[in-house]
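See below for the structure under consideration.
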Amino acid sequence: MAEINSDINKAKKLLDTDNLIGFPTETVYGLAGNGLKADVVSKIFEVKNRPHFDPLILHSHSLEAISEYVKEIPDTAKILAKAFWPGPLTILLERNDKIPDLTCSGLDRVAFRIPNHPKALSLLKILDYPLAAPSANPFGYISPTNSQHVQQQLGDKLPFILEGKISEVGIESTIVGFENGETVIYRLGGLEVDEIEKLIGKVKTLPHSSSKPDAPGMLKSHYAPRKNIILGNIKELIKQNPQSKIGVLSFSKFYKDVEMSLVLSKTKDMHEAAKNLFSHLRKLDESNVDLIITEKVPSEGLGKAINDRLQRAAVKE
């Protein structure tokens, strides 16, 4: 199993010698390696069992450092970066030839983010390269929000997990890019679209893709538990499944007479709901229930990103 501690120098040594590590961020824990080396990036795809057509996000510590790897940083990107970095925002930029094709799945743009996590930033500042770091879980499964989740899922494939406590945001970053003068949201996430629109005006949100995505995290089926999961009216679905051992994941109401009932936020706080989403799904998946029933949350603020994750968790491909 992987060693877990908060020693960034140990993390650096391992990364400098082309190893992968578990990497804490405020969104979810990442599976990190040198994003400039194709052979290291290839290991990330292999360990996750991630298809090569699904590009990775690169993590860096400053806009200045990022500028080394892109052709230009548009004015709108600078405005967003100044307002929301470090934070749960990823920006797609035209890459230069320092970035291997594999990191970007052969696309012309690279996804960059500056994480808002003290351990992540401390590590990134002492590295000479950005870290490619998709979520540290087998492809398509629930994302990890603490070091133990990474240990359970990938501990036998990693030498080290950098301890960074619980991911405070709890869902992946919002991804933006620019097309024909428009700002486009490729993935809903931990930064609310309303916050972006307050700053730069109306943006367009793209649908998920089931084949070749334009950006990381766009596939239709994703974030899914292994148990069967249904999204809908909880009361009705409980009635329709009398033979099942049911686990309920609700927004704010506790359900009696089921095997297990977990609430995202008793106080209907969207930030708390986002933080609890993946860890609660995981608890239900690891319990003795055979069916998980869940519902959409109000579609406001972070609720849109939470609903996006729940819908994709419930997709049957």
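The values are calculated or read from the model by the stated rules, or taken from the named source; none is laboratory data. Computed from a predicted structure; not experimentally measured. Don't worry about glycine lacking a Cβ; one is built from the backbone with ideal geometry, like all the others, and counts go over all protein chains shown.
Highlighted here are the helices (runs of 4 or more DSSP H) found entirely within region 200-317 that include at least 2 residues which are at pLDDT 95 or above and touching a Pro at 6+ places or on another chain (Cβ under 9 Å): 270-286. Regarding PRO74, is this residue within 22 Å of PHE278 (Cβ to Cβ) and either assigned by TED's automatic domain parsing to the domain that holds LEU92 or free of Cβ contacts under 8 Å to residues at least 60 places away in the same chain (or both)? In short, no.
With respect to the conditions (1) aliphatic (A, V, I, L, M); (2) over 30 Å from THR17 (Cα atoms); (3) touching a Gly at 6+ places or on another chain (Cβ under 6 Å), LEU188 lacks only one, and its number is (3).
Which residues, taken from region 63-109, are part of a loop (DSSP other than H, G, I, E, B) and basic (Lys, Arg)? Scanning region 63-109 gives LYS71, LYS98. When GLU192 is tested against (1) in contact with a strand residue (DSSP E or B) (Cβ under 6 Å, 6 or more places away or on another chain); (2) more than 24 Å from GLY106 (Cβ to Cβ), just one condition goes unmet, and that condition is (1). If I filter region 287-308 down to residues being farther than 20 Å from PHE254 by Cβ and not hydrophobic (A, V, I, L, M, F, W, C), which single residue comes out as nearest to the chain's Cα centre (by Cα)? So the residue we want is ASP308.
Answer yes if at least one residue in region 111-126 is assigned to a helix (DSSP H, G or I), crowded, with 21+ Cβ neighbours inside 10 Å and over 17 Å from the mean Cα position of the chain (by Cα), and no otherwise.
Taking every residue of region 111-126 in turn, at least one turns out to be assigned to a helix (DSSP H, G or I), crowded, with 21+ Cβ neighbours inside 10 Å and over 17 Å from the mean Cα position of the chain (by Cα).
The set of residues in region 151-198 being surrounded by fewer than 19 Cβ atoms within 10 Å (Cβ to Cβ), touching a Leu at 6+ places or on another chain (Cβ under 7 Å) and outside any loop (DSSP other than H, G, I, E, B) consists of VAL184 alone.
Filtering region 229-286 to residues that are in contact (Cβ under 8 Å) with a residue 40 or more places away in the chain, closer than 23 Å to ILE171 by Cα and of a type in the set (Lys, Arg) leaves LYS275, ARG282. Being part of a loop (DSSP other than H, G, I, E, B), buried (at least 22 other Cβ atoms within 10 Å of the Cβ) and hydrophobic (A, V, I, L, M, F, W, C) is the filter here; which residues of region 41-62 pass it? LEU56, the sole residue that qualifies. Among residues belonging to region 63-90 that are under 15 Å from GLU197 (Cα atoms) and crowded, with 16+ Cβ neighbours inside 10 Å, point out the one that is farthest from the chain's Cα centre (by Cα). Top of the filtered list is THR76.
Can you pull out the residues in region 148-170 that are out of contact with any helix residue (DSSP H, G or I) (no Cβ under 7 Å at 6 or more places or on another chain), farther than 16 Å from THR27 by Cα and in contact (Cβ under 8 Å) with a residue 12 or more places away in the chain? Give the derivation first.
Our first condition is that a residue be out of contact with any helix residue (DSSP H, G or I) (no Cβ under 7 Å at 6 or more places or on another chain); within region 148-170, this holds for 148, 150-153, 155-156, 158, 165-167.
If we keep only those that are farther than 16 Å from THR27 by Cα as well, we get 151-153, 155-156, 158.
Hits for region 148-170 are GLN151, GLN153, GLY155, ASP156, LEU158.
From the list ILE44, ILE57, ILE126, which residue is over 24 Å from GLU195 (Cα atoms), touching a strand residue (DSSP E or B) at 6+ places or on another chain (Cβ under 9 Å) and touching a residue at least 60 places away in the same chain (Cβ under 8 Å)? Let's see the steps before the verdict.
Working: ILE57 fails: over 24 Å from GLU195 (Cα atoms); ILE126 fails: touching a strand residue (DSSP E or B) at 6+ places or on another chain (Cβ under 9 Å).
Criteria check complete, one pass: ILE44.
Within region 26-40, the set of residues being under 18 Å from the mean Cα position of the chain (by Cα) and surrounded by fewer than 24 Cβ atoms within 10 Å (Cβ to Cβ) comprises just one member, GLU26.
Can you pull out every residue in region 1-24 that is among the β-branched types (Val, Ile, Thr) and within 14 Å of PRO130 (Cα to Cα)? Let's see the steps before the verdict.
The initial filter retains those residues of region 1-24 that are among the β-branched types (Val, Ile, Thr), namely 4, 8, 17, 21.
Scanning region 1-24 gives a single hit, ILE21.
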